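Working notes, beginning with the structure itself.
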Amino acid sequence: MSQSNLELFKELNPETLQKKFLNSLLKIQNVQRGSIWIKKNGAYQCIEAAGAERDQIVGVKLEEGHPSIVGWVIENKKMTVAETKSDRRHYKEVEEKLAVKSSMILCFPLFFRDKKVYGAVQIIDTTPEKSNLNLDSAYLEQLQNLVDICSIALSNAILYVKEKKKTLTLKSALKESRHKSTIIGHSQSFQHCLDLVKSYAETEFHVLITGESGTGKELIAEKIHRGSPRKNKPFLIQNCSAIPETLLESELFGYRKGAFTGASQDKVGLFEAADGGTVFLDEIGDMPMSIQASLLRVLQKNEIKPLGTTQVRHIDVRIVAATNKDIQGMIAQNGFRQDLFYRLSILPVHLPPLRERREVIPLLIRHFLEKESVNAGVIEKKISIEAMQSMAAYDWPGNIRELENLIRYLMVTTDDDYIELLNLPLHVRKPQVHADPYSELKPVGSEAAGDLISQLCTMTWPQLEKEYVISLLKKHNWNITWAAKASGINRSTFASRMRKLKIKRDRQPYEE
């Protein structure tokens, strides 16, 4: 391969690359006319042409149902040679306005890396003698190899530009929404929650959000604040379980200089700092009883008393609280003040767990894949149907937070462009095994053999065989011959098992 041909693969601009590609082929075959076509929206469209009358060819569309050499090559996925005067496949109307007609056409299919045909390239002889094209079989075989390599380079350039545009769009969107949180969901139960949140936001009453850990309680609290008349005032957050009791009290109410050892200056508390705005108290169920009494004073009288002083300060704050605990049960066990509960829960909203709205899981997965790819500055990964189905069937005890963290894990640990079923941690793809999160099958040994056998016994024979075959293929970079040799059976038998198990390398990404 010449140095000029090698330079083709360094080009990432599709328009420049297709010109160089076409001109190289014409130079090799010593002709002056050629064209590149792609299949798009039920037609074959010319995206590049070379020759004296190229402008009359570029942009031309051929109907998919009308006979044409380009259409035949794309649909049959193989090269052809056609004499235009006698070949019925030739779309003669295309050349009606051309001063010089074609006499012989050599046409090659253009493949993606997964062997899917996306277009065709024509090399055209316009001499009456039809003598310029070299149609020697050995020569054409070498030329076919060059076309295959160049077509992959062209498809990669097209995909690169497409992904680059998508990344720039996502980066722009991410920049605009960096200070905004996205709430995704279209289930009936969750839509009811959003309707409540919208109506609650317009009031001044306090709100209590309940739901399991990871269901998005903080996002809902922020949405309430952004939709309220207080949206231009502070929105401050305090997790009540994150710090010790004495420190929590000083964080919420502040203190005066000398109130305790180390209090060298006055400190403004969270409630005072949020005056006019909203305070979000997360994990309110973990708030100590002593601080609950002080919080009740805030709710009843809108006043606080910083540590180290007898003077009260009047404030104007709205409180949105959240918990994943059974507050009613805590009240029965004297673990939470009943009067505080009634003050906080004027407007209650319960967020359903992710397992009760599985239909939103594909949307969330795509959202997190886009988000994390932009944050990492990499091309977004696709996900196979099998992997998507497994993730949709998983119960997600950690809810949305667990799903987001899993996507981050997969972005780092998956080497290929596609996230396959075997890329998922064992506890997600085989929940019946009850494996620890992110653990895998243990190596067979004196202590692990029993666990391994019990894990394998949860699988059906076809499932076990399928995972074994896919593992071999992945190990040998999807080379069937090598994988078959490693399995100890001949290639035809191995390929037959692949067909029966419906294993294909070019798996399609999940689409809703």
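The values are calculated or read from the model by the stated rules, or taken from the named source; none is laboratory data. Every value quoted in this text rests on a predicted model; they were computed, and no experiment measured them. Every residue, glycine as well, gets a Cβ built from its backbone with ideal geometry; the counts of neighbours run over all protein chains shown. Note: accessible area is taken over every heavy atom of the protein model, side chains too, but ligands, DNA and RNA are not part of it. Shrake-Rupley method; radii C 1.70, N 1.55, O 1.52, S 1.80 Å.
Observations on the structure shown:
- Backbone HN-Hα couplings from phi across segment 488-501 [Karplus 6.51/-1.76/1.60, Hz, Gly and Pro as x]: x, 10, 6, 5, 5, 5, 4, 5, 5, 5, 4, 5, 5, 8
- In the chain, helical runs assigned H by DSSP with n ≥ 4 each contribute -39500 (n - 2.57); averaged across all residues and rounded to the nearest 500, the mean residue ellipticity at 222 nm is -13000 deg cm²/dmol.
- Listed cross-link partners LYS40/LYS85; LYS116/LYS504; LYS92/LYS130; LYS20/LYS92 are compared with a 25 Å cut-off, the Cα-Cα value being larger for LYS40/LYS85; LYS20/LYS92.
- Solvent exposure of TRP396, expressed as accessible area, is near 0 Å², computed with a probe of 1.4 Å over the protein chains only.
- Length released on extending from GLU75 to VAL161, taking residue separation times 0.36 nm less the Cα-Cα span: 28.4 nm
- The 1.4 Å probe gives accessible areas that order LYS116, LYS217, LYS20, largest first, as LYS116, LYS20, LYS217.
- Column: log10 I(q)/I(0), Debye, Cα scatterers of segment 1-157, q = 0.11, 0.13, 0.15, 0.18 Å⁻¹: -0.38, -0.54, -0.74, -1.11
- Taken one residue at a time, the phi angles of segment 293-302 give Karplus couplings (6.51, -1.76, 1.60, θ = phi - 60°) of 5, 5, 5, 4, 4, 4, 6, 7, 10, 6 Hz. Gly and Pro are set to x.
- For the chain, accessible area per residue (1.4 Å probe, heavy atoms of protein chains only), Å²: 54 Å²
- Globularity index of segment 354-442, i.e. its alpha-carbon radius of gyration over 2.2 N^0.38 Å: 1.02
- Cα→Cβ-extended label distance, 7 Å offset, between ALA486 and LEU98, nm: 5.0 nm
- Heavy-atom accessible surface of the chain: percent carbon and sulfur, 1.4 Å: 51 percent
- Sequence-distant aspartates and glutamates (8 or more away, or on other chains) whose Cα lies within less than 15 Å of LYS301: GLU204, GLU272, ASP275, ASP316, ASP339
- Placing unit charges on the Cβ atoms of the charged side chains and taking the dipole of the chain about its Cα centre, the candidate lying farthest along the positive direction among LEU143, ILE407, GLY262 is LEU143.
- For the chain, the normalised intensity computed at q = 0.07, 0.08, 0.10, 0.12 Å⁻¹ comes to -0.64, -0.76, -0.95, -1.13 (log10 of I(q)/I(0), Debye sum over alpha carbons, equal scatterers, no solvent).
- Taken one residue at a time, the phi angles of segment 78-89 give Karplus couplings (6.51, -1.76, 1.60, θ = phi - 60°) of 8, 6, 8, 10, 9, 8, 5, 6, 10, 7, 5, 6 Hz. Gly and Pro are set to x.
- With a simple spin-label model that places each label point 7 Å from the Cα along the Cα-to-Cβ direction, the separation between LYS301 and GLU83 comes to 10.7 nm.
- Put the Cα centre of segment 213-235 next to the Cα centre of segment 457-502 and the gap is 51 Å.
- Cα Rg over Rh - segment 176-287, Kirkwood: 1.04
- Cut-off under 5 Å, modelled amide H: who pairs with ASN239 long-range: ASP282
- Within the chain, percent of DSSP bridges classed antiparallel, to nearest 5: 60 percent
- Inter-label distance, nm, simple model (7 Å from Cα along the C-beta direction), ALA263/ASN13: 6.8 nm
- Spin-label proximity, TYR139 to segment 30-63 - amide N less than 17 Å from point 7 Å beyond Cα toward beta carbon: 30-33
- Charged side chains reduced to their Cβ positions (Lys and Arg at +1, Asp and Glu at -1) give segment 40-104 a dipole of some 160 debye around its Cα centre.
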